[in-house]
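To start, the structure itself, in structure tokens.
The values are calculated or read from the model by the stated rules, or taken from the named source; none is laboratory data. All values derive from a computational prediction rather than experimental measurement. Quick reminder, even Gly has a Cβ in these numbers, built from the backbone with ideal geometry, and neighbours come from all protein chains shown.
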Amino acid sequence: MDKTHWEKVYQTKPTTQVSWFQEHAELSLQFIRNTGVAKDGHIMDVGGGASTLADDLLHEGYRNLTVLDISAAALQAAQKRLGNDAAKVHWREADITQVELPGASVDVWHDRAVFHFLTDPLDRQRYVQTVLRAVKPGGHVIVATFAEDGPLRCSGLDIMRYRPDTLHGEFGAAFELVNSADEVHHTPSGSDQKFIYCYCRR
């Protein structure tokens, strides 16, 4: 992934004006609640950047959160917004296709709109291998991407579009597809983007 690109995005646009901004990540929260993970279970938000998901998870009493993003500027924006509560979150600046994560350390893996930027099959393979290493057996994997009839590009970059079955197919037999959902995301600029969410068990 292109770190320079994402640093420029977050340095030049308010976090509330990027196309993927959600005031509250309601569908992600619903999926995380439905996993039944304990309040001290380790939840990792991959590509979480400046997302408000960490704020809402803290508000609901979850207390073992990691936000991983390639952009330092995005993480700094989230930390500034959270103020003193930022100390309750683990922040990790890293490229998810290159990072080494501790084995069997994650109870819930959440990714809204990172995986669809991985247009190189090798990057997708690396991502899936990282999930396999990091997520505990029986753990939960929630991934959202543009739907088959969603946009072809985002933030000036080409993306991959998926159906629930084709997204699950990228992850393979080690993951059971438990549930999926559609979402129409209304961007700050007023356009609509169609997403799919897949929930798998490791």
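Okay, here's what the table says:
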quantity	calculated
Counted residues, the range 1-33 - those being more than 17 Å from the chain's Cα centre (by Cα) and at pLDDT 90 or above	0
Within the range 78-112, tally of residues that are over 19 Å from residue 40 (Cα atoms) and either over 18 Å from the mean Cα position of the chain (by Cα) or buried (at least 22 other Cβ atoms within 10 Å of the Cβ) (or both)	9
Residue satisfying all of: in the range 53-81; at pLDDT 95 or above and among the hydroxyl-bearing types (Ser, Thr, Tyr); nearest to residue 104 (Cα to Cα) among these	66
Given (1) closer than 23 Å to residue 50 by Cα; (2) over 17 Å from the mean Cα position of the chain (by Cα), number of the condition residue 149 does not satisfy	(1)
When residues of the range 165-181 are limited to those that are more than 17 Å from residue 127 (Cβ to Cβ) and under 16 Å from the mean Cα position of the chain (by Cα), the one surrounded by the most Cβ atoms within 10 Å (Cβ to Cβ)	180
Residue match in the range 172-184 (condition: aliphatic (A, V, I, L, M) and under 26 Å from residue 2 (Cβ atoms))	no
Elements of type strands (runs of 3 or more DSSP E) in the range 81-182, at least 1 residues being in contact with a strand residue (DSSP E or B) (Cβ under 8 Å, 6 or more places away or on another chain) and at positive phi	135-146
Some residue of the range 130-146 being hydroxyl-bearing (Ser, Thr, Tyr), without any contact (Cβ under 8 Å) to a residue 40 or more places away in the chain and surrounded by 13 or more Cβ atoms within 10 Å (Cβ to Cβ)	yes
Residue match in the range 113-128 (condition: at pLDDT 95 or above, surrounded by 19 or more Cβ atoms within 10 Å (Cβ to Cβ) and touching a Leu at 6+ places or on another chain (Cβ under 9 Å))	yes
Tally of residues being surrounded by fewer than 23 Cβ atoms within 10 Å (Cβ to Cβ), β-branched (Val, Ile, Thr) and assigned to a loop (DSSP other than H, G, I, E, B) across the range 46-71	1
Residue list for the range 21-42, restricted to those being farther than 15 Å from residue 65 by Cβ and in contact (Cβ under 8 Å) with a residue 12 or more places away in the chain	21, 22, 23, 24, 27, 31, 34
Any chance residue 176 is more than 18 Å from residue 35 (Cβ to Cβ), of a type in the set (Asp, Glu) and out of contact with any Pro (no Cβ under 8 Å at 6 or more places or on another chain)	no
